[in-house]
1. Can you confirm whether region 122-135 contains a residue that is modelled with pLDDT of 85 or more, surrounded by 13 or more Cβ atoms within 10 Å (Cβ to Cβ) and out of contact with any Cys (no Cβ under 7 Å at 6 or more places or on another chain)?
2. Please go through (1) among the polar types (S, T, N, Q); (2) at pLDDT 90 or above; (3) loosely packed, with under 14 Cβ neighbours inside 10 Å for S8 and return the number of the only condition it doesn't satisfy.
3. Would you check if there is a residue in region 123-134 being out of contact with any Lys or Arg (no Cβ under 8 Å at 6 or more places or on another chain) and in contact (Cβ under 8 Å) with a residue 12 or more places away in the chain?
4. Looking at region 101-121 only, could you name the residues that are of a type in the set (S, T, N, Q) and at pLDDT 85 or above?
5. Could you list, in sequence order, the residues of region 44-68 that are within 14 Å of I22 (Cβ to Cβ) and among the acidic types (D, E)?
6. Does region 80-100 include one or more residues that are out of contact with any helix residue (DSSP H, G or I) (no Cβ under 7 Å at 6 or more places or on another chain), closer than 29 Å to S25 by Cβ, surrounded by fewer than 17 Cβ atoms within 10 Å (Cβ to Cβ) and among the basic types (K, R)?
7. In region 28-67, which residue that is within 16 Å of the chain's Cα centre (by Cα) and in a loop (DSSP other than H, G, I, E, B) is surrounded by the fewest Cβ atoms within 10 Å (Cβ to Cβ)?
8. Could you tell me how many of the residues in region 106-115 are surrounded by 13 or more Cβ atoms within 10 Å (Cβ to Cβ) and of a type outside the set (A, V, I, L, M)?
Amino acid sequence: MPPAAGSSSGSIDMELLKEREIDRSRLQGGQLLGEGAFGHVVKATLSRPEEDDLVVAIKKLKDDDDPQARQALLRETCIMLLCGNHDNVLMLKGICFRDGPLQLVLEYAEHGSLLHLLWTLRAESKLNRTVLVNKRHIFENMMVGFCCGLEHLATRRVRTCLSC
């Protein structure tokens with residue numbers, strides 16, 4: 001079983017990161033998907049030798065020169081590596097950290113984020129109360145998936161912060 005992740009010890013295993021390094025020349029695209037206080041996420045294509053290209057999301061810092069933001073993103077990367085593979089946990093495909101700004105290459109969530117879905121359902125339900133009844137199965141399936149993902153993380157001893 002892996003060591004507990006999410007602690008504030010701050011140690012970053014650079015060897016582990018090097019194993020997941022992706023040459024940034026293999027990434028194409030850049031449609032903005034979302035933006036937060038410290039960075040943004042873009043949709044891109046990852047070219048893979050001897051395989052079909054893969055649609056991915058790339059998480060980038062707004063200011064790569066900010067050492068605290070960079071360190072936080074590196075810690076997030078290490079935690080994601082400890083998560084392992086699960087259908088309901090976003091997977092880290094790789095990382096670009098040489099010859100340019102730090103970038104996390106993530107599995108692309110085709111249907112967007114849970115938060116976006118919840119906000120959309122809330123807005124639609126204010127306009128029309130039957131929306132929640134009609135979309136109840138979507139909401140229930142997403143919640144079951146969310147719980148399965150959390151259960152997987154618990155078995156891997158990865159602590160999550162749902163308010164982040």
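The values are calculated or read from the model by the stated rules, or taken from the named source; none is laboratory data. Every value quoted in this text rests on a predicted model; they were computed, and no experiment measured them. Note: ideal-geometry Cβ built from the backbone for every residue, glycine included; neighbour counts use all protein chains shown.
1. Just the residues of region 122-135 that are modelled with pLDDT of 85 or more, to begin with: none.
No, region 122-135 has no match at all.
2. It is condition (2) that S8 fails.
3. There is no residue in region 123-134 that is out of contact with any Lys or Arg (no Cβ under 8 Å at 6 or more places or on another chain) and in contact (Cβ under 8 Å) with a residue 12 or more places away in the chain.
4. As a first pass, look at region 101-121 and keep what is of a type in the set (S, T, N, Q): 103, 113, 120.
Answer for region 101-121, where residues must be of a type in the set (S, T, N, Q) and at pLDDT 85 or above: just Q103.
5. Step one: filter region 44-68 for residues within 14 Å of I22 (Cβ to Cβ), giving 44-49, 51, 53-54, 56-60.
Once the filter is applied, which keeps residues that are within 14 Å of I22 (Cβ to Cβ) and among the acidic types (D, E), region 44-68 yields E51, D53.
6. So far as region 80-100 goes, yes, one or more of its residues are out of contact with any helix residue (DSSP H, G or I) (no Cβ under 7 Å at 6 or more places or on another chain), closer than 29 Å to S25 by Cβ, surrounded by fewer than 17 Cβ atoms within 10 Å (Cβ to Cβ) and among the basic types (K, R).
7. A37
8. Start the filter on region 106-115 by keeping residues that are surrounded by 13 or more Cβ atoms within 10 Å (Cβ to Cβ), which leaves 106-109, 113-114.
Narrowing further to those that are of a type outside the set (A, V, I, L, M): 107-108, 113.
So the answer is 3.
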